[in-house]
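The values are calculated or read from the model by the stated rules, or taken from the named source; none is laboratory data. All values derive from a computational prediction rather than experimental measurement. As a convention, Cβ positions derive from the backbone with ideal geometry for all residues, glycine included, and neighbour counts pool all protein chains shown.
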2 protein chains.
Amino acid sequence: MEEADFVSGGTRLFGIVGDPIEQVRSPEVFSAAFRRLGRDAILVPIHVRPDDFDVCVPSLLKVQNLDGLVFTIPYKARACGLATTLGAQARVVGAINALGRDRAGRWRGEIFDGIGCVEAFRRRGITFADRRVVLIGAGGAGSAIGVAVAAERPRAIRLFDRDQARAEGLAKRIAEVDPRIEVAVAPPAIDDADILLNATPVGMLSDSGIPVAARHLPDRLVVFDAIVKPERTGLLALAQTCGCTTVFGREMMAGQIEKMVEFFLEPPAGINAA
Amino acid sequence: MEEADFVSGGTRLFGIVGDPIEQVRSPEVFSAAFRRLGRDAILVPIHVRPDDFDVCVPSLLKVQNLDGLVFTIPYKARACGLATTLGAQARVVGAINALGRDRAGRWRGEIFDGIGCVEAFRRRGITFADRRVVLIGAGGAGSAIGVAVAAERPRAIRLFDRDQARAEGLAKRIAEVDPRIEVAVAPPAIDDADILLNATPVGMLSDSGIPVAARHLPDRLVVFDAIVKPERTGLLALAQTCGCTTVFGREMMAGQIEKMVEFFLEPPAGINAA
């Protein structure tokens, strides 16, 4: 009988939980990473409806060969309650996108969106230390990015969100991470900025808009866009035209996946701390 | 980023539920069959402890992209309660090894062990109609085989099990399938038999025993052994030496898997009948 070589009785399971689920790319990417690392593990899509979440997902955690779950829309905040211990990022952001079984069988939660952004910059050799950062968008991704960047000791973070209260909430959390950072909630002025981060959906898919009012960007500015599709958003196109260094959403994605695979396969010491 | 080609966000999930789970071969075999048929579907191992079964498995059925479960030791009888409708075999045997979602979203249960045995014979062009059958073993596999063979209109079935009550229970169920069959509970005499079926574990692994007292088998006898490991049991070796036709456990397995894949992917009309 013909036999598949990518799954066996000994395969360790991981899943991505969301609603809807068809559009996710984690199954392809994580399963390939596990394989490349020689691990008999696979990540599968798990489509759970909101009404079923509270019964269904805790039960999934009882499956003995299930070692981790990724959470996507709309479950990042709700999944927080499943973790026995939360990582440093998740505690501040109040959401997780990864839940992993530790060696003692407890469930550790962490959010890697912001960690992925910082990792993308690290790979490019660009540091946030002492830099003036402008962050547009204080929603799920923006919060995670703001909190992760704050841990990198920037000099200043200027925040903007159409929802003023949301921006102020994030400002407060950033100040808790490191009170030495100059945090301001204000429109995204880029005159004295070193790094511009877009974490809004402006520029996504068929939206050709740009999240800043500027027609020109100074070439010293490093411009990042969290959007993955299209790869080259209107903002990044403008930045390239102006001679700025650009960091792409897919780089954040790659950085995030690498960190999540590490988290799932080799729990780093200390991340269990409650 | 590297991407696996065997799983995606749109993959339909199937699982095999058991305790333990590492030894099962269904993930390799079913996943390969789905792939060969061009279906974006995968079967993964799901290790559920007995204490968790009643909470965990009904929850798994709420996962929207999970379309079917295979049940193995120790859950074949217990899983019966998960089905909304039972197939003809399952109703008589009182156990299922497959649970599939029908087009209306209800769960249909059926047991395929016996169906696989009958299919193996059909592929060889050997019919049970009007034949005298000796069946040794009236446990899980034996019951399923007995009930499936009974539906093929044999002239007689002679049953033996070390547990007399178990053999008598199966005899009664066979009579319910077709009252015209001459059913007897008696030691496995092969003098006037056409087909000998072993559904006991005698001959399994390092057990070199043979489940009949005979040293010689008439060459008109067709001999089947449900055991998969070793492939050539002591009984089958003796049968070959005596010039008998032999049907192997792996042939039953192959027949069963083909029928289960059909059941999972293309619910046949009528199997939903309660």
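Before we move on, is B:GLN240 within 14 Å of chain A (Cβ to nearest Cβ), over 15 Å from B:VAL133 (Cβ atoms) and not aliphatic (A, V, I, L, M)? Here the answer is no, as B:GLN240 does not meet what is asked. Against the numbered list (1) surrounded by fewer than 21 Cβ atoms within 10 Å (Cβ to Cβ); (2) in contact with a Lys or Arg (Cβ under 9 Å, 6 or more places away or on another chain); (3) assigned to a loop (DSSP other than H, G, I, E, B), B:GLY9 comes up short only at (1).
Within the stretch B:142-164, can you find the residues that are aliphatic (A, V, I, L, M) and either closer than 10 Å to B:VAL185 by Cβ or surrounded by 24 or more Cβ atoms within 10 Å (Cβ to Cβ) (or both)? Outline the logic, then answer.
Taking the stretch B:142-164 first, the residues aliphatic (A, V, I, L, M) are B:144-145, B:147-151, B:156-157, B:159.
Result: B:ALA144, B:ILE145, B:VAL147, B:ALA148, B:VAL149, B:ALA150, B:ILE157, B:LEU159.
Residue-level analysis places A:ARG101 outside the set of residues that are surrounded by fewer than 17 Cβ atoms within 10 Å (Cβ to Cβ) and basic (Lys, Arg). Being small (Gly, Ala, Ser), away from chain B (no Cβ under 14 Å) and buried (at least 21 other Cβ atoms within 10 Å of the Cβ) holds for only one residue in A:ALA193, A:ALA214, and it is A:ALA193. Of (1) farther than 14 Å from A:ILE16 by Cα; (2) within 14 Å of chain B (Cβ to nearest Cβ); (3) surrounded by fewer than 20 Cβ atoms within 10 Å (Cβ to Cβ); (4) not β-branched (Val, Ile, Thr), A:ARG49 satisfies all except one. Which? Among (1) farther than 14 Å from A:ILE16 by Cα; (2) within 14 Å of chain B (Cβ to nearest Cβ); (3) surrounded by fewer than 20 Cβ atoms within 10 Å (Cβ to Cβ); (4) not β-branched (Val, Ile, Thr), the lone unmet condition for A:ARG49 is (1).
Looking at A:GLY68, A:GLY100 in this structure, which one is in a strand (DSSP E or B), within 25 Å of A:ALA151 (Cα to Cα) and either touching a helix residue (DSSP H, G or I) at 6+ places or on another chain (Cβ under 9 Å) or touching a residue at least 24 places away in the same chain (Cβ under 8 Å) (or both)?
Values: A:GLY68 fails: within 25 Å of A:ALA151 (Cα to Cα).
The conditions single out A:GLY100.
Summed over the stretch B:1-24, the residues that are within 7 Å of chain A (Cβ to nearest Cβ) and out of contact with any strand residue (DSSP E or B) (no Cβ under 9 Å at 6 or more places or on another chain) give a count of 4.
Please determine whether any residue of the stretch A:42-52 is assigned to a strand (DSSP E or B) and of a type in the set (D, E, K, R). Scanning the stretch A:42-52 turns up no residue that is assigned to a strand (DSSP E or B) and of a type in the set (D, E, K, R). Looking across the stretch A:90-141, the residues that are within 26 Å of A:ALA77 (Cβ to Cβ), modelled with pLDDT of 95 or more and among the acidic types (Asp, Glu) come down to A:GLU110, A:GLU119.
Criterion first (among the small types (Gly, Ala, Ser), in contact with a strand residue (DSSP E or B) (Cβ under 9 Å, 6 or more places away or on another chain) and in contact (Cβ under 8 Å) with a residue 12 or more places away in the chain) does B:GLY137 satisfy it?
yes
Residues of the stretch B:25-46 that are of a type in the set (A, V, I, L, M), facing chain A (nearest Cβ under 9 Å) and under 18 Å from A:ALA41 (Cα atoms): B:VAL29, B:ALA32, B:ILE42, B:LEU43, B:VAL44, B:ILE46.
Would you please name the residue that is nearest to B:ASP52 (Cα to Cα), looking only at residues in the stretch A:52-72 that are of a type in the set (A, V, I, L, M, F, W, C) and facing chain B (nearest Cβ under 10 Å)? Of everything passing the filter in the stretch A:52-72, A:VAL63 is nearest to B:ASP52 (Cα to Cα). Report yes if A:ILE126 is crowded, with 24+ Cβ neighbours inside 10 Å and aliphatic (A, V, I, L, M), otherwise no. Answer is no for this residue. Whenever a residue of the stretch A:183-206 is within 17 Å of A:THR246 (Cα to Cα), its partners that are among the hydroxyl-bearing types (Ser, Thr, Tyr) and crowded, with 19+ Cβ neighbours inside 10 Å, lying with C-beta atoms within less than 7 angstrom and at least six residues away or across chains, give the pairs A:GLY203/A:THR233.
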